[in-house]
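What follows is one structure encoded as structure tokens, with my remarks underneath.
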Amino acid sequence: MPGSIVKSRTAQRVAELLGAREGRQHLNQYGWVQGMPIVMATTAEKLIDVMGLVSIHERAVIIALASAENHQVQLMHVSMPNAVLRVVEAASEEATIESLFDLVARQELTEFRVKYWAHSAVAQGIPPFVPQTNEPACSYANSSGA
């Protein structure tokens, strides 16, 4: 994106996705709206730490996670904790954000909670975007390149 400083492959891939009209339309199908925060994470980060960043925004967010092995970016929509959801057991303090992504890969929607949340939240995986047009550089799952 013009004028922005991109420091990581994850941020670069997300910027490519958001820079493509077709990519934004794909994200819209999974709850993304213009201006929604996107939290960047690495596989080893503690779930509780990432959810601390989610809490700061006080609204639903997209979490972007880059695989260390192949640099593919996985995306997940995470709601804010909500009193109407059943309260599930809090995740282990040792759980990583990668473990939530693994859980979401097996279940379409996942209720979860971290220690400091009184209520559960919902996580929904966002499938990889595969462009249907010739729009340049809009596949965030593309593992080639820098």
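The values are calculated or read from the model by the stated rules, or taken from the named source; none is laboratory data. Everything numeric here is computed off the predicted structure, so don't read it as measured data. We place every Cβ from the backbone using ideal geometry, glycine too, and count neighbours over all the protein chains shown. For accessibility, only protein heavy atoms count, side chains too; no ligands or nucleic acids. Shrake-Rupley method; radii C 1.70, N 1.55, O 1.52, S 1.80 Å.
Here is how the numbers come out for the structure above:
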{"item": "Theoretical FRET efficiency, 1/(1+(r/R0)^6), r = Cβ-Cβ of H57 and A95, R0 25 Å, to 0.05", "result": "0.75"}
{"item": "For region 80-97, 3J(HN,Hα) per residue [Karplus equation, 6.51 cos²θ - 1.76 cosθ + 1.60, θ = phi - 60°, Hz, x = Gly/Pro]", "result": "6, x, 9, 5, 7, 7, 5, 7, 9, 4, 5, 5, 4, 5, 8, 4, 9, 5"}
{"item": "Stretch gain in nm, segment N82-V130, where the contour uses 0.36 nm per residue and the Cα spacing is subtracted", "result": "14.1 nm"}
{"item": "Cα centroid of region 25-52 to Cα centroid of region 78-105, whole Å", "result": "13"}
{"item": "Residues with amide H under 5 Å from that of T96, placed H, sequence gap 5 or more", "result": "L47"}
{"item": "Those trypsin sites (Lys or Arg not before Pro) in region 32-131 that DSSP places in a loop and that have at most 16 other beta carbons within 10 Å", "result": "R59, R86, K115"}
{"item": "Rh by Kirkwood over Cα pairs, then Stokes-Einstein D for region 25-90 at 1.567 mPa s and 4 °C, µm²/s", "result": "99"}
{"item": "Accessible surface ranking that places the most exposed of V14, V122 first, with a 1.4 angstrom probe", "result": "V122, V14"}
{"item": "Accessible area expressed per residue, region 1-126, with surrounding protein chains retained (probe 1.4 Å, Å²)", "result": "54"}
